[in-house]
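To start, the structure under review is shown below, and the notes come after it.
The values are calculated or read from the model by the stated rules, or taken from the named source; none is laboratory data. The structure presented is a predicted model; accordingly, all values stated were derived computationally and were not measured. With ideal geometry, Cβ positions are generated from the backbone for all residues, glycine too; neighbour counts draw on all protein chains shown.
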Amino acid sequence: MKFVISGAFQPPQHLVPIALAAEEAGYEAMAFSDHAIYPETLDTPYPYTDDGSRRYDENSEFPDAWVVAGALAAVTKRLRFTTNVFVLPMRNPFLAAKAIATAAAISSDRITLTVGVGWSKVEFELLGQDFQRRGARADEMLEVMQKLWSGEMVEHDGEFYRFDRLKLTPPIPEKRIPVWVGGISQPALRRAARNDGWLSDLQTTAEILECVETVRAHRERLGRSESFDVMASASDAGNVEGYQRLGDGGVNHILTMPWAFYHGLTDDLEKKIDGIQRFGDDVIEKMR
C-alpha cells in the first residue's frame, strides 16, 4: 500500500514543509485540488454532498497544481505529485499538455495526471470552454495530449480538435505520464477503465470496493487484463486494519490528510508536521 498526502486547501507557504515531512515519513505522493474561481452563486449543484453545498468556502486555497508540483519537485527527491482532480475539459489541451509536460520534466517524471470532468458550469464559461459535452471532449483531449507528449510531429482530426502536423515544443516527458480518472458516476468509472487508474471520492470502504469492482468489470469487457491503480479516501478507515481491507479489495494508494487523525483540521503547521510524522510511524511503517 502506498500513501498520498492531500495538499487540498493548504496555504502555499505550508506546502514545502508538508512535502519535505511527507517524503521523510515515507509517503509516495502529494495531491493537489483544482478550481480556478469561487462563484458566489452556483448554477449547478455540487455533486458530492446530499444538499449540493460545497465542502469548501471562498477562503479555501487552490494554488495552481502544476506550479506547485514544479516548486516542490525542486526541494524533494522521491515524492511524486498528482491531482485530486485536475478539471481537464475546462482547459485548452495545448496549454494543459505544456504545463503538465513541464512539471514532468522538472520533477524527473514524478507526475501522475488524475483528471475529472468537472461540475461547475459557470467556471467552464468563465474559462471559455463548453460545459455540455465535457466528458466526450475530455476523452479526446487525453488522446490529443498523448500525441503531443510523444515528442513527434503529430496531427489530429477529431470531433472537437483538428490540426495539421505540429510538435509540442520541449520539454517532452521522458516517460509516459500515467492517467487516472476521478469520479463516482458510471461515465467516470468507464473512463477510468479506459485509462490507468481510478480515484474515489470520500466514501465508505464498501462504496469504494463496489466502484473498484465496477471498474474491473469494465476493463474485462475492454480486454484489459493488466493491473490498474486505485487511489481511495475512505471515510471509515484510518488504521492498518482498515487500509488492509481496502488493499485486499484492490486499492493500492490511500489519499489522506494525516494530521486530522491527531489534531483535527488544524491550521497550525507544527501540528500538521507532527501528524505526518506520527501517521508515518503508526501506519506507513507498519504496512511496509
Under the condition of being crowded, with 18+ Cβ neighbours inside 10 Å and within 20 Å of the chain's Cα centre (by Cα), which residue from the range 217-233 is nearest to Phe81 (Cα to Cα)?
Met231
Selected residue (only one of Thr114, Thr102 is assigned to a strand (DSSP E or B) and in contact (Cβ under 8 Å) with a residue 12 or more places away in the chain)
Thr114
Of Ile177, Ile172, which residue is touching a Gly at 6+ places or on another chain (Cβ under 7 Å), in a loop (DSSP other than H, G, I, E, B) and among the aliphatic types (A, V, I, L, M)?
Ile172
Would you call Arg176 among the charged types (D, E, K, R), under 21 Å from the mean Cα position of the chain (by Cα), at pLDDT 95 or above and farther than 20 Å from Met90 by Cα?
yes
Looking only at the range 233-270, filter to residues that are in contact with a strand residue (DSSP E or B) (Cβ under 7 Å, 6 or more places away or on another chain) and in a helix (DSSP H, G or I); which one of those is nearest to Gly183 (Cα to Cα)?
Leu246
Determine whether the range 102-109 contains at least one residue that is surrounded by 16 or more Cβ atoms within 10 Å (Cβ to Cβ), more than 16 Å from the chain's Cα centre (by Cα) and over 29 Å from Ala136 (Cα atoms).
yes
Inside the range 84-99, can you point out the residues that are touching a residue at least 12 places away in the same chain (Cβ under 8 Å) and either part of a helix (DSSP H, G or I) or among the aliphatic types (A, V, I, L, M) (or both)?
Val85, Val87, Leu88, Pro89, Met90, Pro93, Phe94, Ala96, Ala97, Lys98, Ala99
The residue from Arg165, Arg219, Arg137, Arg191 that alone is at pLDDT 95 or above, more than 26 Å from Asn92 (Cβ to Cβ) and either outside any loop (DSSP other than H, G, I, E, B) or of a type outside the set (D, E, K, R) (or both) is Arg219
Going through Ile284, Ile273 one at a time, which residue ends up being among the β-branched types (Val, Ile, Thr), assigned to a helix (DSSP H, G or I) and touching a helix residue (DSSP H, G or I) at 6+ places or on another chain (Cβ under 6 Å)?
Ile273
